Each structure stands twice: as structure tokens, then as C-alpha cells.
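Quick one: structure below, then a few questions.
The values are calculated or read from the model by the stated rules, or taken from the named source; none is laboratory data. These numbers were taken from a predicted model, which means no experiment stands behind them. Glycine gets a Cβ as well: all are built from the backbone with ideal geometry, and neighbour counts include every protein chain shown. Heads up: the accessible areas ignore ligands, DNA and RNA and are worked out on the full protein's heavy atoms, side chains in. Shrake-Rupley method; radii C 1.70, N 1.55, O 1.52, S 1.80 Å.
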Amino acid sequence: MAQRVIITIDDQHAAAIDKVAASLKKAGLKDTQVLSSLGIVSGEVDAKHRSALRKVAGVKAVEDEGEMHAQ
Amino acid sequence: MAKRRPTRAPRSLETDFPVISEPAALPVTGGPTRFIVTFRDDAIGKPQVMRSALRSTTGARSMALASDFAGSALNLEETGGADAILFEQLGIAVVTGDRTAHRNMAVAAASDSGNILAVEPEGFMTASAQLSKDYLRGFRDAAQRLYEMSDGGAPLAPFMPLPSDAPAEMEAEAATDFTWGINATRANTSRFSGQGIRVAVLDTGFDFDHPDFLGRSVLQQSFIRGQSAQDGNSHGTHCIGTACGPKSPATGPRYGVAHESTIFVGKVLNNAGSGPDTSVLAGMEWATTNRCQVISMSLGSQRPQMTAYNQAGQRALNAGCLVVAAAGNDSDRRIGRILPVACPANSGPIMAVAALDRQLQVAFFSNRSGTVAGAKVDISGPGVRVYSSTPEPAVPPRKPRYDFLDGTSMATPHVAGCAALWCQATGKTGAELYQKLTSNARATSVPSNDGGAGLVQAPQ
């Protein structure tokens, strides 16, 4: 089942975030959005490929995307 | 939160549940979502029938029964692990499931023979989660009443009445020169206006036609698919009003702090008041790229700290962009329920803002410092009965373009506005600006785990 994920890229790969994003796509990430200033990549991944994302060089964390609400 | 106090009616079984006419929101996630399932009359009061219908369509295993909580009121948080919550006396269930579960339930509802009458369209819960909590609370209260009535006429749980002085107090507020929040933060006597300072408010958008903002420098970007940055909710317009509203509005009191700031409207919450992390983070990226010295986020959800927001907040701060966020409204101190600061305010580099009332006491809904490093309340702002701008309603009767709202959401833009003034006054940004705000806050009697450094103050 596909799930939305938020991926944090570590500081060492801050300048190479596009390369990390390309590796993430190869590892199964789809509908990818790259936020270069913050070092964040988001997208959708099939559950069976999720663990592969964590192994991509430069990935600090893979977290489930959630919803924010007006307070 | 953001409840309109004047229109708040006592809850009763006759109360109409809100109907959301929101166009289908973007499908933000393929993961589990919550649905409201309505059963046919035959199933009402028969939890076994409801359970079996849900099990066969959704595979839901763990089901909580609303009446199990009847000794005390149903606490939605306590049912967090359940796939479904059954309100057996109402013939309604709240089900957590994926698209397949939804499809199966919808197919069952389309058949005349099954026990399921209707399933709220997918996206309903996703798009309206802010409202849905109240919606669910209504169910909870109704279920509670039904249970008590069935229990031999035991006294009904008292509903929280609107204080009798509230309408008069608010009428008086609308007739003053400055709102209580502008007074309490001393924005009214500040020499500074926020001129030249860029303030991003990431929320439900803005009413670009509001007469109080004509001639102001306003930039906009929507991060919600299919919706423009025009505010279809009113939450965003209210927050922008507090942070950046004018020095002399056409009518009524002054309600805005940084009255000459440049406004960046980032729509990251849809018109029902919710948005996915990707939209919020994309809004933060946009504001950071545009070198907004202040980023105001009156949003959150009760989740553990996230690495993504820790890093996003730190990167923004390093780039000279101070992020302030609502501590969250998940608590109800009237019944002793106190929850920790919500995400993303629970990230260290992001300033978490609690809400105070006019007596400078912590608001009953305002969250408390969490136990994780960084998840503490950092500062407080006025957040109860806050008067500010709202969009003109799309349908008659035409109302004044102002309203009173409650929430840590309302406290947050008071801090954002003051941050813009401090930035103008001192030239400080990022971590130094953060420090200016906390070190100049006014001490109150509220303990620091509830109110942080104290009530935010404007530079004089």
C-alpha cells in the first residue's frame, strides 16, 4: 500500500539534495517534492520499498506524513 | 479551537451536526483515514450487528464502545488504538480505514439489504479534522446523554455554559480603542510598526478584499491543490489581522500588531482548516526562501516531535527566519486534562506559544510543556476572546468583517507581530530575535511549563 512520507536529509548532503532525491526516486519514491532550503524531500512510497529509502546515503529520517490543523 | 463564542449554543440532541460543503480536498495520503459510518435504524442499540457489519467490510478488529466510557465522558485520545468507535445508541461509528475499507463500506451502503446506511465521503474527515473534533465531541456528548437517560434518569452531565458576562464583555471590547491583546502586549504604545519586515502567516489564506488591508503590500502563494490563497475559512484572515492588521481600522478597535509589515500569505491549510505536512513544509520553504524574518504558524497536531520539523525550524532560524507556532489546544484544564505541546511547536528551534486570557491566566485549552527536549512552552500571547478581521460571509446576511476567536492560534500571531517590531527595532533576526522576545516577555503568575517566559511584549 502506498504511503506518504517526509524524508529529512542530513546537513552533509545539504548541497547535494537533488542527487539524494534522485537516489530516493530510484529506491521507489514517487510524486517527489524537494525543499532545498530546509533539507526535506516528500513523496509517496509503496510500503514494501520504505525500508530502502532509509538506506539511501544522506537520509536522516523517514517519517509518516500527517495532517496539521488550525488551532 | 477558534470557536465563535457568541454563537455557541448549549449542546443538545437536537443540535444539527455541521455539514461540510467543502469541495473534495486533495487526496493527501493513501494511508488510513477516518470515516463516519451511519447505520440503518435496525442496527441502533445493537453493537453486535454494527461490529459484524464493520468487520465484514473493513476488517476492523479493535472496536471501542462509546458506552464503555460512560462512567466518565468518552475520551477520544484513549480510543487512539481502536480501528472503530461505536456510538451504539446513535447507530454511528467512527472508523479508521484505508481506501479499500472505504470502498467496501460504500458498496455495502449502496445495497438495500446491508446494515450500513451511509459513509461520509472520503476526504471529509481529512479536510475537516479541526471541525471534526467538535463534531465528535457532539457525538460523545449525545451518546453520554443517551446513556444516562437509559440508566434510569440519572442527572444529565452539565454542559459548559457560556459565561453570562461574555456578550457584554465582547460588546465593550468592540467599542474600545485597542483590543485587550494590543493593550496587554503594549503594541499600542510601541514606536515601531514592522515597516520593512516580512511576516509570513502560514494558514488558511487571507481575505484579499478586506477593506482594512487596502494598499498594504501582500504577497501570496497557495500550497493547497485546487484552492487559491483566498481564505475560505476565516482562520487565516483572523491570524493575519492580529499579526499585521492596521493601526487605524475603518471601524472598531485596533487589533493588529505590526501594522506596516509586509504580509506573506502562505495557504498551507485548506478551507476546512487542515493540511498535510508537505504543504506546511513547502510553506516554510517558501517563507525562508523569501527571507521572511518572521514565520507564524497557528497550526499543529498532537504528535511526537518530528525530525523534519526539528530540521526545518533550525534551517529557517539559521537563515534568519524565526518560526513561531501554536502550542496547541488539546487540553481541557476544566476537567484536569492537560496535553503536551503539539507538533510542530514541540520542536526546539520553533517557538511554542501558549494562550492567556484577559486576566493573564492560562487558557483552559492551552497545552503544557512536554517531557521531550525542545517540547516546552516558550512564551505566551493573548488567546481568549481575541477580536480580529474575518472575511465577509459569502452569503447574506452581511456581517461585520470582524469576529472573536479563542485559541493558541490567536496567541501565536500576537507573538509574530511583536517579533516583527523587535526585528525592526533591533535589526536582530533568527536566534537573536528569539532571545529578544523571551528575555523581554512580561512575567505573569502562570508557571513556566504553562506560559514559558511570560507574556510577549512589544518594544517601546
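Pop out the carbon and sulfur fraction of the accessible area of the range B:327-416 as a percent, whole number, probe 1.4 Å.
58
How much accessible area per residue does the range B:219-299 have, in Å², with a 1.4 Å probe?
That works out to 24 Å² for each residue.
Which of the peptides A:30-42, A:4-16, B:284-296 is most tightly packed, and how do the rest follow, going by the mean number of other Cβ atoms within 10 Å of each residue?
B:284-296, A:30-42, A:4-16
Another one. Which whole-Hz couplings ³J(HN,Hα) result when phi for each residue of the range B:247-259 is put into the Karplus expression 6.51 cos²θ - 1.76 cosθ + 1.60, θ = phi - 60°, listed in order with x for Gly and Pro?
So the J values, rounded to whole Hz, are 6, 10, x, 4, 9, x, x, 6, 10, x, 8, 8, 6.
Give me the accessible area of B:CYS418, 1.4 Å probe, in Å² rounded to the nearest 10.
Roughly 0 Å² of B:CYS418 is accessible to a 1.4 Å probe.
Kindly state, to the nearest 0.05, the FRET efficiency for A:ASP18 paired with B:GLN361, given R0 = 56 Å and r defined as their beta-carbon distance.
0.65
Where in the range B:255-286 is the amide nitrogen less than 15 Å from a point lying 7 Å along the Cα-to-Cβ axis of B:THR176?
In the range B:255-286, the label zone of B:THR176 (backbone N under 15 Å from the point 7 Å along Cα→Cβ) covers B:255-257.
In the range A:50-71, which residues become less accessible by 40 Å² or more once every protein chain is in place, relative to the chain on its own, using a 1.4 Å probe?
A:GLU63, A:GLU65, A:GLY66, A:GLU67, A:MET68, A:HIS69, A:ALA70, A:GLN71
Any idea how far apart A:GLN33 and B:LYS46 come out in nm if each label point goes 7 Å out from Cα toward Cβ?
Going from the A:GLN33 label point to the B:LYS46 one covers 4.6 nm.
List every residue whose amide H lies under 5 Å from the amide H of A:ASP46, counting only residues 5 or more places away in sequence or on a different chain, with H placed 1.01 Å from N in the peptide plane.
A:GLN3
Please find the FRET efficiency linking B:THR189 to B:GLU432, where r is the Cβ-Cβ separation and R0 is fixed at 22 Å, and quote it to the nearest 0.05.
The value I calculate is 0.40.
Sticking with this one: Could you give the length gained by full extension between B:SER56 and B:ARG337, i.e. 0.36 nm per residue of separation minus their alpha carbon distance, to one decimal place?
97.6 nm
Name the long-range amide H neighbours of B:ILE379: under 5 Å, sequence gap of 5 or more, or other chain; modelled H, no Pro or chain starts.
Excluding prolines and chain starts, which carry no amide H, the hits are B:ALA352, B:ALA354, B:ALA453.
Between the range B:385-460 and the range B:311-375, what is the C-alpha centre distance in whole Å?
Answer, in whole Å: 13.
Buried accessible area for the A:B pair, summed, 1.4 Å probe, in Å² rounded to 100?
Separately minus together, A and B give about 2900 Å² buried.
Over chain A, average the accessible area per residue using a 1.4 Å probe and give it in Å², no decimals.
That works out to 46 Å² for each residue.
Taking amide H atoms as placed 1.01 Å from N in the peptide plane, list the residues 5 or more away in sequence, or in a different chain, whose amide H sits under 5 Å from that of B:PHE178.
Here B:ARG254 satisfy the definition.
Can you pull the one-decimal nm distance between simple spin-label points at B:VAL372 and A:LYS55, each 7 Å off the Cα toward Cβ?
Simple spin-label model gives 2.7 nm for this pair.
Is there a simple number for the mean count of other chain Cβ atoms within 10 Å of the Cβ of residues in A:26-38, and what is it?
What the average comes to for A:26-38 is 4.
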